[in-house]
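The values are calculated or read from the model by the stated rules, or taken from the named source; none is laboratory data. Computed from a predicted model, the values in this text were never measured in an experiment. Here the Cβ is made from the backbone with ideal geometry for all residues, glycine too, and neighbour counts use every protein chain on show. In case anyone asks, the SASA skips ligands and DNA or RNA and just uses the protein heavy atoms, side chains included. Shrake-Rupley method; radii C 1.70, N 1.55, O 1.52, S 1.80 Å.
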Amino acid sequence: MNANLMSRNDLVLLLGFSLVVLTMPIWLAPLGAGYPDLLQRFMIYGIFAVGFNILFGLTGYLSFGHAAFFGVGSYTAVWSLKLLTLDAIPAMVLAVIISGIFALIIGFLCLRRSGIYFSILTLAFAQMSYNLAYSVLTPITNGETGLQLTLSDPRVIDAAVGHSFVGQPIPTLFGTPIGGYAGFYFCAAFLIIAFFVAQRIAGSPFGMMLKAIKSNQTRMQFTGFNTRPYALSAFVISGMYAGLAGALLAVTDPLAGAERMQWTASGEVVLMTILGGVGTLVGPVIGAWIIKYFENILSALNDNILARFFDVLPDGVDSFLVKVIGKFVGDGWHLTLGLVFVIIVIFLPGGIMEGVRRIAAAFRNRGSTPRTSNQTQAAE
Amino acid sequence: MSNGNIVLHVADVHKRFGGLHALADIDLAVEEGKTHAIIGPNGAGKSTLLNVIIGKLAPTSGQVIFDGTILTGRKPFQINQLGIARVFQTPEIFADLSVLHNVMIPALARRDGMFKLNMLRTLESETAIRAEAEHMLEDVGMIARKDMMAGSLSRGDKRRMELAMCLIQHPRLLLLDEPTAGMSRHDTNTTIELLKKIKSRGMTKVIIEHDMHVVFSLADKISVLAQGRIIADGTPDQVRGNPKVQEAYLGGAH
């Protein structure tokens with residue numbers, strides 16, 4: 001392919017990534033995760049994490065408030081579905097624009113500081129947004145009940161073209177309802193596009209500037225760069241990614257609640273990125289998949305299922321195992337997640353992608369002479 | 001002797017840190033194309049003076065004028081864009097990026113200015129900038145290390161790379177803060193050779209240095225700083241013969 005568009009390695013990575021994503025319903029089925037609802041979430045949180053990594057992984061600014069943009073995207077999408085049309089495309093476009101504007105304002109204020117002060121500022125703004133959504137802005141957000149579609153919504157564009165619906169309104173794409181596997185492929189297409197855009201950003205001169213800001217901000221300034229607009233651009237781009245993810249969640253499940261803006265949701269995307277590998281392209285997506293997998297699969301397990309599983313073991317042993325493991329599944333799945341997170345951060349500070357790299361290096365060294373230079377691939 | 005064109009003028013600069021008078025009455029005129037060394041014992045205010053020139057510190061009073069433009073009050077990136085580059089005492093480099101990218105970044109700063117949302121091109125397609133960076137690395141003798149991570153270079157190589165990062169911008173004024181500090185004799189000599197080589201390019205340089213060997217092999221003019229004041233000013237020979245300087249500085253060190 002033309003070197004102006006993409007390098008060969010990037011193209012191979014993009015094709016491989018697309019293949020893995022599109023075949024997920026097949027290879028995840030034996031793992032008990034091959035159902036559309038969960039697959040859609042894999043895609044949505046994958047997009048969220050890819051975008052977050054542009055700010056955190058490339059530029060080195062740790063935001064603790066990205067759930068705010070996710071939530072703004074959700075609310076915008078639901079309002080578009082209510083007021084304009086049930087078609088998903090206007091909802092997503094509007095969500096990306098509005099969350100981008102929101103990120104511009106918050107980013108402009110937070111980027112006056114860096115390091116821990118930046119993180120605390122983002123956290124404060126996100127909690128403010130959450131509280132506004134939860135109580136003060138109830139007319140817009142419908143408070144704790146959450147914003148949802150109703151039969152009596154005006155939907156002016158649909159009304160103007162004479163579209164009418166029977167029964168519960170469902171978001172559509174050019175007239176086809178988005179649900180089940182159609183919803184999954186809809187989200188998957190966006191994840192692949194989001195991944196492609198992130199690849200382009202990371203491989204552009206602009207992306208190199210972001211990495212340089214992370215590496216040495218002082219040198220950047222003495223080299224003649226105004227670092228603030230660079231960091232602000234990264235902030236807005238990642239805010240738009242979050243808005244896109246939030247909109248997809250609203251389109252596939254048209255109910256927007258304030259809880260998705262809470263600090264725990266902001267923290268979750270940080271965990272996803274670190275777990276998978278900060279600064280890598282694929283890592284954050286894998287991190288998102290693992291966390292969502294654990295959340296859904298482990299939390300669905302309970303003592304009865306465990307008892308059936310350990311039935312073959314002698315009495316006493318099985319009840320002991322059920323008792324111990326039972327603490328780590330069901331409502332206790334966070335314990336497992338925490339354990340996995342601690343193990344990864346201690347033994348693989350570069351996340352799962354560092355593990356992959358180490359394994360690949362070990363294989364390469366066994367095959368040929370050990371390499372002495374310590375070259376590192378920029379982004380995998 | 002000041003028949004040349006004055007490119008940098010430090011006019012009546014004072015800098016106080018609380019009760020400490022770090023710089024007093026500093027007047028300095030640097031001629032175009034010359035190498036001007038600032039020497040002085042530890043704590044004389046050399047680094048403070050450099051930080052005032054480059055915009056890292058604001059002077060308490062006085063002005064720094066570069067080619068008719070007042071630098072005082074401008075941000076470091078604006079000062080760089082006017083054509084002033086700086087080598088730091090401890091090399092300031094992009095440790096997590098390759099040597100080649102380290103040198104490409106300043107070249108892009110010169111071409112694209114202080115901000116450009118350059119997302120539609122790939123790095124691979126920046127062939128002109130890449131070729132220029134490779135050429136520069138050849139000049140400083142580091143082309144073999146272009147794919148190494150900058151953070152894993154030796155101290156001498158980091159310094160040489162930082163110098164390449166400054167030179168690729170073709171600055172009109174290059175500020176060097178103890179360019180051979182902490183280097184072995186061998187690395188020091190290579191650095192002197194390199195600085196002599198770039199001297200022929202007609203770039204103006206202000207150099208702060210401890211090592212007399214370095215100063216006397218490079219400088220056209222020397223200003224001696226002691227306790228925040230300039231106590232002598234002149235050619236290397238004039239400064240060497242000045243009794244005030246001998247007393248304050250050279251007596252023990254030379």
Note to self: Going residue by residue through region A:19-40, is there one that turns out to be in contact with a Lys or Arg (Cβ under 9 Å, 6 or more places away or on another chain) and charged (D, E, K, R)?
What the structure shows: no
Next item on the list: Can you confirm whether region A:216-239 contains a residue that is among the small types (Gly, Ala, Ser) and more than 11 Å from chain B (Cβ to nearest Cβ)?
Entry: yes
Note to self: Here is a check on your reading of the model: is B:ALA58 surrounded by 22 or more Cβ atoms within 10 Å (Cβ to Cβ), within 29 Å of B:GLU32 (Cβ to Cβ) and more than 10 Å from every other protein chain (Cβ to nearest Cβ)?
What the structure shows: no
Next item on the list: Please go through region A:260-288 and pick out each residue that is of a type outside the set (D, E, K, R) and open to solvent by 30 Å² or more (accessible area, probe 1.4 Å).
Entry: A:GLN262, A:TRP263, A:THR264, A:LEU271, A:ILE274, A:VAL278, A:ILE286
Next item on the list: State all residues of region B:111-121 that are facing chain A (nearest Cβ under 7 Å) and in contact (Cβ under 8 Å) with a residue 12 or more places away in the chain; if no residue qualifies, say none.
Entry: B:MET114
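Let's see how each residue does on (1) surrounded by 15 or more Cβ atoms within 10 Å (Cβ to Cβ); (2) in a helix (DSSP H, G or I):
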| position | (1), (2) |
| --- | --- |
| B:ALA107 | yes, yes |
| B:PHE115 | yes, no |
| B:ARG130 | yes, yes |
| B:HIS135 | no, yes |
| B:GLU138 | no, yes |
| B:GLY141 | no, no |
| B:ASP147 | no, no |
| B:ASP157 | yes, yes |
| B:ARG160 | yes, yes |
Next item on the list: Take A:ILE89 and decide whether it is open to solvent by 70 Å² or more (accessible area, probe 1.4 Å) and outside any loop (DSSP other than H, G, I, E, B).
Entry: no
Margin query: Residues to consider are B:ASN42, B:ASN102, B:ASN5, B:ASN80; find the one that is over 17 Å from the mean Cα position of the chain (by Cα) and surrounded by 20 or more Cβ atoms within 10 Å (Cβ to Cβ).
Written below: B:ASN102
Check: Is it true that A:ILE201 is within 7 Å of chain B (Cβ to nearest Cβ), part of a helix (DSSP H, G or I) and open to solvent by less than 30 Å² (accessible area, probe 1.4 Å)?
Finding: yes
Next item on the list: Considering every residue within region A:155-162, establish whether at least one is more than 21 Å from A:VAL96 (Cα to Cα), more than 11 Å from chain B (Cβ to nearest Cβ), in contact with a Phe, Trp or Tyr (Cβ under 9 Å, 6 or more places away or on another chain) and in a helix (DSSP H, G or I).
Entry: yes
Next item on the list: Report, by residue number, each residue of region A:1-56 that is within 14 Å of another protein chain (Cβ to nearest Cβ), more than 18 Å from A:LEU191 (Cα to Cα) and not hydrophobic (A, V, I, L, M, F, W, C).
Entry: A:ASN2, A:ASN4, A:SER7, A:ARG8, A:ASN9
Notebook entry, point to check: Assuming A:GLY107 fulfils every condition listed in (1) open to solvent by 20 Å² or more (accessible area, probe 1.4 Å); (2) part of a helix (DSSP H, G or I) apart from one, which condition is it?
Noted result: (1)
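Here's the yes/no breakdown for (1) open to solvent by less than 80 Å² (accessible area, probe 1.4 Å); (2) out of contact with any strand residue (DSSP E or B) (no Cβ under 6 Å at 6 or more places or on another chain); (3) more than 25 Å from A:ILE291 (Cβ to Cβ); (4) among the hydrophobic types (A, V, I, L, M, F, W, C):
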| residue | (1), (2), (3), (4) |
| --- | --- |
| A:PHE310 | yes, yes, yes, yes |
| A:PHE320 | no, yes, yes, yes |
| A:LYS323 | no, yes, yes, no |
| A:TRP333 | yes, yes, no, yes |
| A:GLY338 | yes, yes, no, no |
| A:LEU348 | yes, yes, no, yes |
| A:GLY351 | yes, yes, no, no |
| A:VAL356 | yes, yes, no, yes |
Next item on the list: Would you mind stating whether B:ARG16 is assigned to a strand (DSSP E or B), basic (Lys, Arg) and more than 12 Å from chain A (Cβ to nearest Cβ)?
Entry: yes
Note to self: Please count how many residues of region B:65-105 are assigned to a helix (DSSP H, G or I) and of a type in the set (Gly, Ala, Ser).
What the structure shows: 0
Note to self: Given the criteria within 27 Å of A:GLY183 (Cα to Cα) and open to solvent by less than 80 Å² (accessible area, probe 1.4 Å), does A:ALA67 qualify?
What the structure shows: yes
Next item on the list: Answer yes if at least one residue in region A:145-152 is more than 14 Å from chain B (Cβ to nearest Cβ), open to solvent by 50 Å² or more (accessible area, probe 1.4 Å) and in contact with a helix residue (DSSP H, G or I) (Cβ under 8 Å, 6 or more places away or on another chain), and no otherwise.
Entry: yes
